[in-house]
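To keep things clear, I will list the structure first and then write my remarks on it.
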Amino acid sequence: MKFLQGLNALWETAISIIPLTAILAAIQMLIFKKPLHSVRDFIIGFFLSVIGLHLFLKGTTMSLIPLGDSVGRGFVTLNKKWIILLIGFAIGYGATLVEPGLQALALEVEELSAGAIPSKVLIHGVAIGFGGGMMIGLLKILLNLPYVKVLIPLLLIVIVLSLFAPKPFDAVAFDAASATTGPVNIPINMALAIGLASAIEGVDPLISGFGIVGLTSIGTMISVMLLGIISRL
């Protein structure tokens, strides 16, 4: 019975990948009239991607999400809010350093800028902004602030900084924000936020627990543009 359930879960993962794979293969062969480089490698790679995605989703459900939720609920036992915010910053900072999408973006930026924007500098700059956004999100939950009162000031800061940030930092900032919302950060941060909101009396986890990923993305944009302004000075 468990074997059949496992096969069913694996098939559900495959269904999510098949449409994209079919579209790309059709474009390659029917529109561009080009054959697949290696049918054997293509088939093996498809099955590996299905198995890898399935194992990742299963592992995240079994480990990262429950652990993040437990840590978030445990935050309420800490008497000082600044400790909660500091821990949130450390978690956001550390998780961002290993985000694979950010690693790829940073290497690409370093190559295209001929080393003018080192990958390590960009990665740590993004991580600082992400951790700062994490702190703001946790503070919003702790104080039970309306999302709009936090979001609007941050967006105004982004708009102002975009006027002064040198190129290409303004464009890189937006891509970096997307690169941080990957398989490492999202499960941990959402679980932390929802766990914390669920443990605070009078706070609706459905209203306050969500939105923290958006705040971390805005924090990333701010830090990257500030990095560009500082580098110019």
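Here are the numbers for this structure:
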| read-out | value |
| --- | --- |
| Neighbour-count order for ILE17, ILE200, fewest beta carbons within 10 angstrom listed first | ILE17, ILE200 |
| Relative exposure of THR13, THR180, THR61, judged by other C-beta atoms within 10 Å (fewest first) | THR61, THR13, THR180 |
| Residue exposure sequence - SER63, SER231 - by fewest surrounding Cβ within 10 Å | SER63, SER231 |
| Partner lysines for LYS58 [C-alpha distance under 18 Å; skip if fewer than 8 residues away on the same chain] | LYS2 |
| Net charge of neighbours whose Cβ lies under 15 Å from the Cβ of GLY214, counting Lys and Arg as +1 and Asp and Glu as -1 | +2 |
| Cross-link pairs beyond the 29 Å C-alpha cut-off, checked among LYS81/LYS149; LYS80/LYS149; LYS80/LYS120 | LYS80/LYS120 |
| Relative contact order computed over the chain (Cα-Cα under 8 Å; 6+ residues apart), in percent | 27 percent |
| Separation between Cα centres of segment 157-233 and segment 111-151, rounded to whole Å | 5 Å |
| Convex hull volume per residue in cubic angstrom - Cα atoms of the chain | 167 Å³ |
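Since every read-out is calculated from the coordinates, none of them should be taken as a lab result. Fair warning: this is a prediction, and the values are worked out from it, not measured in the lab. Don't worry about glycine lacking a Cβ; one is built from the backbone with ideal geometry, like all the others, and counts go over all protein chains shown.
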